[in-house]
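**Q** For reference, the structure I am asking about is given below.
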Amino acid sequence: MSAGGAEAVASDEKLTQLPWAAIPRFTPGTTDVTEYAKKLQFLADMWPKEHLAQLAPRAALLCEGTALKKVIRLPPEKLKANDQTGVKLLVTTLGGAWGKTALEEKYDYFEKALYGTVQKADETNDSYLSRHDVQFEELLAKGTTLEEVRAYVLLRQSQLTTDDRKKIVVELGGTLDYARVCSSIRLLGSRFFADLQGSRGGAKKKV
């Protein structure tokens with residue numbers, strides 16, 4: 001056998017040994033986009049560079065329903081790029097984010113640990129306890145304090161609009177300082193600005 005033939009056989013063997021079964025399936029309305037993006041990014045980081053052109057097309061074929069309709073509109077040559085850009089394009093097309101900032105990750109951990117970890121109807125107690133442990137261990141690994149947890153719960157459970165909550169987070173530089181969050185909520189709930197603009201009559205009334 002020639003040297004070129006031997007190299008081709010070795011390449012084919014390596015291709016068959018890749019963890020194809022680990023590529024996640026994407027089902028709209030069921031699959032968590034954030035988890036999906038993390039799994040694909042993890043796979044892309046481990047995938048042999050010479051075979052990265054195979055990863056995005058294979059992941060695209062595992063999309064279902066409306067997700068598949070979105071994916072088939074993408075240029076095939078972009079999905080078959082021999083770097084991570086093809087996988088990144090697939091993730092962003094499905095509504096995910098590639099490489100979240102540390103702040104986004106921390107808020108994501110807050111949400112999952114405090115509100116997203118609920119025991120499923122058909123889930124064993126051991127499985128539920130394991131998921132709970134993982135979520136809180138990741139949260140604690142970020143150096144989370146009780147004051148931050150209190151501030152997050154206060155802000156999340158408020159009746160402020162999504163834009164107002166984002167405004168508070170931005171104005172506080174992404175930090176969850178309880179006293180400053182309280183101050184911001186009081187300011188947004190103040191009637192001073194409404195009175196100043198002549199819109200006092202539009203204030204929310206108690207029932």
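**Q** State the percentage of accessible surface on region 115-176 attributable to carbon and sulfur atoms; use a 1.4 Å probe and exclude ligands, DNA and RNA.
**A** Carbon and sulfur: 53 percent of the exposed surface of region 115-176.
**Q** With all protein chains present, calculate the accessible area of L18 using a 1.4 Å probe and round the result to the nearest 10 Å².
**A** Counting only protein heavy atoms, the figure is 20 Å².
**Q** Okay, moving on. Ranked from highest to lowest mean number of other Cβ atoms within 10 Å per residue, what is the order of the peptides 32-38, 129-135, 84-90? Don't jump to the answer; show the numbers that get you there.
**A** Details: 32-38: 17.1, 129-135: 13.7, 84-90: 21.7.
Highest-to-lowest ranking by the protection proxy: 84-90, 32-38, 129-135.
**Q** Moving on. Mind giving me the FRET efficiency for A179 and W98? R0 is 41 Å, r the Cβ-Cβ distance, nearest 0.05 is fine. Write out the running numbers ahead of the final one.
**A** Working: r = 35 Å, r/R0 = 0.86.
FRET efficiency, A179 to W98: 0.70.
**Q** Between D163 and T30, 0.36 nm times their residue separation minus their Cα-Cα distance comes to what?
**A** Length difference between fully extended and current span is 45.2 nm.
**Q** Would you tell me the accessible area of S184, worked out with a 1.4 angstrom probe on the heavy atoms of the protein chains, in Å² to the nearest 10?
**A** 20 Å²
The values are calculated or read from the model by the stated rules, or taken from the named source; none is laboratory data. Please read these numbers as outputs of a predicted model, since none were measured by experiment. Note that we place each Cβ from the backbone using ideal geometry, even for glycine, and neighbour counts take in every protein chain shown. The accessibility values were calculated without ligands, DNA or RNA, using every heavy atom of the protein model including side chains. Shrake-Rupley method; radii C 1.70, N 1.55, O 1.52, S 1.80 Å.
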